[in-house]
1. Mind counting the residues in segment 26-47 that are closer than 15 Å to Gly6 by Cα, open to solvent by less than 80 Å² (accessible area, probe 1.4 Å) and either touching a Lys or Arg at 6+ places or on another chain (Cβ under 9 Å) or not in a strand (DSSP E or B) (or both)?
2. Looking at His60, His9, His73, which one is under 17 Å from the mean Cα position of the chain (by Cα), touching a residue at least 12 places away in the same chain (Cβ under 8 Å) and open to solvent by 80 Å² or more (accessible area, probe 1.4 Å)?
3. Every residue in segment 55-67 that is in a helix (DSSP H, G or I) and touching an Asp or Glu at 6+ places or on another chain (Cβ under 6 Å), please.
4. Is there a residue in segment 14-25 that is modelled with pLDDT of 95 or more, farther than 24 Å from Met111 by Cα, in contact with a helix residue (DSSP H, G or I) (Cβ under 7 Å, 6 or more places away or on another chain) and open to solvent by 30 Å² or more (accessible area, probe 1.4 Å)?
Amino acid sequence: MVGVVGGPHKVEAARALGADVVIDKSVEDLWKAAERASPRGYDVVLDANGPSTLRDSYAHLASPGKLVIYGFHSMLPRTGGKPNYAKLAWDWLRTPRFDPLSLTNDNTSVMAFNLSYLFEQRAILEESMARLLGWVEEGKLVSPRVTRFPLDAVADAHRALESGTTVGKLVLVP
C-alpha cells in the first residue's frame, strides 16, 4: 500500500497505519514517486483532492484499475473559508469528464461518493460503521490518531486543520 502525505511530520503516521511506501509530496514529485513505487500502475487510487490530481490519478491506474473520488479538497479555500469564485470556475473547467468508451477501452472504472448524502439512509451508515469498528477490533484496520477539541473551541479546530500541521482526525466533543 502506498500512502501520500503533505509533510514530513505525517510520514510515520502513514507507516503506522499500514503504508509500505509513503510519498511526502511536500519534498518530492508525487507522480514520479508514484511511478517508482508501482511502475505497472495502481489497482485502486483513492482521490480526495479533485482537479489538482484527478487526471493524473486516472493516468496511473493499472488495468482493471478503479479510481475512487471522495472529495474536492483542492477546490476549497485554504484559510478563512471564503471561496475564490474565479478559482472555483477554473477548477470546475479543468475537472476531467470521464468518457464511457475510454473507460471501457482502458478497462478501468471511476466511482465517486459523498457521505453527506447518506445521512438520510441511517441503516447503510450503521451497517458500514459496525463493519469498520469490527475490523478495528479484529486488528484488520488501524484507526488514525484522533485529536479532540471541545465544541466551544471549534475556531481553534478549524485553525489547526487549516494549518496543515494536524495528523489523523479532529473531533469536536460537547
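The values are calculated or read from the model by the stated rules, or taken from the named source; none is laboratory data. Just so we're clear, the structure is a prediction, and the values are computed from it rather than from any experiment. Every residue, glycine as well, gets a Cβ built from its backbone with ideal geometry; the counts of neighbours run over all protein chains shown. Note: accessible area is taken over every heavy atom of the protein model, side chains too, but ligands, DNA and RNA are not part of it. Shrake-Rupley method; radii C 1.70, N 1.55, O 1.52, S 1.80 Å.
1. Going through segment 26-47 one residue at a time, the tally reaches 6.
2. Sole residue among the options that is under 17 Å from the mean Cα position of the chain (by Cα), touching a residue at least 12 places away in the same chain (Cβ under 8 Å) and open to solvent by 80 Å² or more (accessible area, probe 1.4 Å): His73.
3. Across segment 55-67, the qualifying residue is only Ser57.
4. There is at least one residue in segment 14-25 that is modelled with pLDDT of 95 or more, farther than 24 Å from Met111 by Cα, in contact with a helix residue (DSSP H, G or I) (Cβ under 7 Å, 6 or more places away or on another chain) and open to solvent by 30 Å² or more (accessible area, probe 1.4 Å).
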